1. Shape verdict for region 71-146, please, from the Cα gyration tensor: rounded (a/c under 1.5), prolate (a/b greater than b/c) or oblate.
2. Relative contact order of the chain: what whole-number percent is it, with Cα pairs under 8 angstrom and at least 6 residues apart?
3. Against the longest alpha carbon principal axis of the chain, how many degrees, from 0 to 90 and to the nearest 10, is the axis of helix 272-300 turned?
4. Return the Rg/Rh value of region 151-228, two decimal places, where both radii are evaluated on C-alpha atoms and Rh is the Kirkwood radius.
5. Which of the listed residues, Leu251, Gly334, His282, is farthest toward the dipole's positive end in region 234-359, when Lys, Arg count +1 and Asp, Glu count -1 at the beta-carbon?
6. Can you compute the radius of gyration and Dmax for region 229-360, using only the Cα atoms, both in Å?
7. Size of the dipole of the chain about the Cα centre, Lys and Arg at +1 and Asp and Glu at -1 on the beta carbon, nothing else charged, in debye to 20?
8. Once you wrap a convex hull around the alpha carbon atoms of region 36-165, what is its projected area averaged over all directions, in nm²?
Amino acid sequence: MPTTLESEEHKALRSAVAALGNRHGRTYDRQALWSEAAKLGYLGVNLPEAHGGGGGGIAELSIVLEELGAAGCPLLMMVVSPAICGTVIARFGTEDQKRDWLPALADGTRTMAFGITEPDAGSNSHRITTTARRDPDTGDWILTGRKVFISGVDIADATLIVGRTADARTGNLKPCLFIVPRDAEGFTRRRIDMELNAAEKQFELTLDDVRLPADALVGDEDAGLLQLFAGLNPERIMTAAFAIGMGRYALARAVEYARDRTVWKTPIGAHQAIAHPLAQAHIDLELARLMMQKAACLYDAGDDVGAGEAANMAKYAAGEACVKAVDQAVHTLGGNGLTREFGLASLITAARVSRIAPVSREMILNYVSHQTLGLPKSY
């Protein structure tokens with residue numbers, strides 16, 4: 001029996017990425033870090049070797065994001081570009097799409113954003129109103145709709161847009177995925193003014209009769225939710241990694257402060273009122289990591305159903321653990337926790353993202369209630 005849950009390769013990867021993250025630190029330049037991570041093979045570690053990737057899985061990619069986060073320099077677009085878009089194209093894309101996109105996503109020369117959320121749909125993906133219709137004369141797709149809270153569109157070469165097409169047999173709308181180039185005519189973006197202090201910006205997108213060639217469709221027009229959730233499970237796992245890394249970073253700063261800060265001749269970390277909440281935060285982060293590792297293992301093994309349950313639980317646990325760790329870290333530092341010097345105050349807002357996106361904790365509780373426990377729906 002192995003004495004650790006992680007292989008020697010995973011431990012080596014974790015150590016190497018931690019060293020990279022520590023070189024860049026909290027004041028990192030996003031593009032410089034992105035380029036170096038790509039050059040070292042970390043961005044495409046989950047993509048197929050045949051297309052320039054590392055041949056690993058979401059387990060490896062989540063290690064990369066977690067360790068960068070723990071060093072204070074998380075790359076949010078890793079959740080989107082290699083994890084969601086890269087995975088979907090690798091699993092369902094045409095050979096041309098794989099050849100065009102996967103090597104570039106892996107080496108960092110191209111980036112892809114992901115557009116699913118809409119102003120009036122929220123968590124209900126069945127209410128997505130972005131529609132795609134075929135031009136009977138040319139075979140082109142024509143997309144119309146709006147998206148909101150889409151990350152990094154300004155730095156992405158294209159956006160993988162979730163639209164809906166009419167099922168010829170039933171007339172019902174079904175989800176389909178389209179690659180929309182950044183400069184496509186009729187595809188416009190408006191930056192959303194966020195109080196969140198992040199390197200990646202948020203955008204509202206408008207698709208006004210955006211015309212795309214037939215080969216912009218990713219995968220089978222009739223596969224529907226299967227292809228969509230192939231990207232959403234990695235998204236949840238990677239969001240968990242993002243949250244765990246952030247929580248670890250905040251906790252490490254608090255522990256360091258509690259060891260050094262001395263009041264009445266004793267470091268404040270000697271007092272249980274300080275020590276116990278930090279210990280609880282560490283326990284919660286470790287438990288969330290275990291569920292994230294389970295989810296990644298199931299996903300990489302091809303168990304989409306099992307991975308769906310575990311990925312939701314991992315994202316929920318990591319979001320809660322992250323918020324509590326950041327809150328306790330700020331509280332441990334007192335007034336210093338709100339200064340720019342210590343760099344924790346900005347994490348208060350950032351930590352909330354892991355509770356809200358890509359799916360709220362309430363929707364995860366709904367999922368577990370219905371899918372795991374078999375309770376009836378309330379809606």
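1. Oblate shape, in that a/c is at least 1.5 and b/c is the bigger or equal ratio.
2. 15
3. 30
4. That ratio equals 1.04.
5. Of the listed residues, the answer is Gly334.
6. Just the Cα atoms of region 229-360 yield Rg and Dmax of 16.3, 57 Å.
7. 1240
8. 9.1
The values are calculated or read from the model by the stated rules, or taken from the named source; none is laboratory data. What you see is a predicted model, and the numbers here were worked out from it, not measured in a lab. Cβ coordinates were reconstructed from backbone atoms using ideal geometry, including for glycine residues, and neighbour counts include every protein chain displayed. All accessible areas refer to the heavy atoms of the entire protein, side chains included, with ligands and DNA or RNA removed. Shrake-Rupley method; radii C 1.70, N 1.55, O 1.52, S 1.80 Å.
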